[in-house]
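The structure under discussion appears below in the form of structure tokens.
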Amino acid sequence: MSLWTTGVSGAVAGLGVAVPIGAMGVLLVQEGMRDRRHAVAAASAVAVVDLAYAAVATALGPLVSSALSGVEAWVRLVAAAVLMAIAVRGLLASRRGAGSAAGSAAGPESGTGTDAGAASGGGPVRTFTRFAALTLINPTTALYFAALTTAQGAALTGPAAGAVFVGGVFVASFGWQQLLVAASGFAGARISATARAWTFRIGFGLVAVYAVKVALPLP
């Protein structure tokens with residue numbers, strides 16, 4: 001397999017893990033509608049973790065898979081608990097924002113945006129750290145790359161092939177995550193305050209549903 005083909009394989013692998021919009025995708029969309037700098041930091045964090053998992057899996061694919069196999073259910077429970085906490089906090093912030101906006105000339109956008117921003121807290125560095133941690137506790141990404149790199153076998157032997165594959169993963173994942181937050185920011189600037197408030201409620205509701213999905217089946 002040529003290095004070009006290896007790079008394309010890495011890009012396809014990166015898109016394979018990034019394009020399906022689960023809980024992290026919903027949270028990225030929320031950040032994109034809220035604040036551009038925070039959203040760019042969040043998207044970068046997800047891509048960096050994808051890069052790290054791909055690098056580890058490329059070097060230690062079979063070992064990564066076996067190391068997570070015994071504790072995967074408990075890792076899923078931790079991830080589900082964190083996601084549910086984010087969903088509940090976001091939904092409560094949306095309700096407070098709607099209530100305070102009723103008597104305010106600023107409207108729902110002001111209340112919801114402020115409370116939702118407070119829910120994320122801190123600056124871009126803190127947002128990067130938070131999204132990196134959330135992505136790290138998702139065992140699906142590690143298992144995905146472990147299975148993929150194990151299947152690739154001899155094609156990824158050698159530092160050059162491994163580096164090109166991992167680079168392809170990062171470029172594809174980073175590009176998709178940034179496109180996602182840019183699109184959500186573009187849409188968020190053009191919808192009404194009421195509709196925007198409801199997108200936050202629906203989005204955090206989806207995060208709650210996904211948290212339940214991640215937790216099942218129970219260990």
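The values are calculated or read from the model by the stated rules, or taken from the named source; none is laboratory data. Quantities reported herein were computed from a predicted structural model and do not represent experimental measurements. When we count neighbours, we look across all protein chains shown, and the Cβ atoms used for this are built from the backbone with ideal geometry, even at glycine. Ligands, DNA and RNA are stripped out before the accessible areas are found, and what is left, the full protein with its side chains, is counted by its heavy atoms. Shrake-Rupley method; radii C 1.70, N 1.55, O 1.52, S 1.80 Å.
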> What distance in nm separates the simple spin-label points at residue 8 and residue 126, each placed 7 Å from Cα in the Cβ direction?
Replying inline: 4.6
>> Students sometimes get this wrong: rank 176, 74 by accessible area, probe 1.4 Å, all chains present, largest first.
In response: 74, 176
> In nm, to one decimal, how far is the modelled label at residue 60 from the one at residue 160, with both set 7 Å along Cα→Cβ?
Replying inline: 2.7
> What order do 86, 202 take when sorted by accessible area (1.4 Å probe), most exposed first?
Replying inline: 202, 86
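Quick check: residue separation of residue 89 and residue 171 times 0.36 nm, minus the Cα distance between them. What number comes out in nm?
26.3 nm
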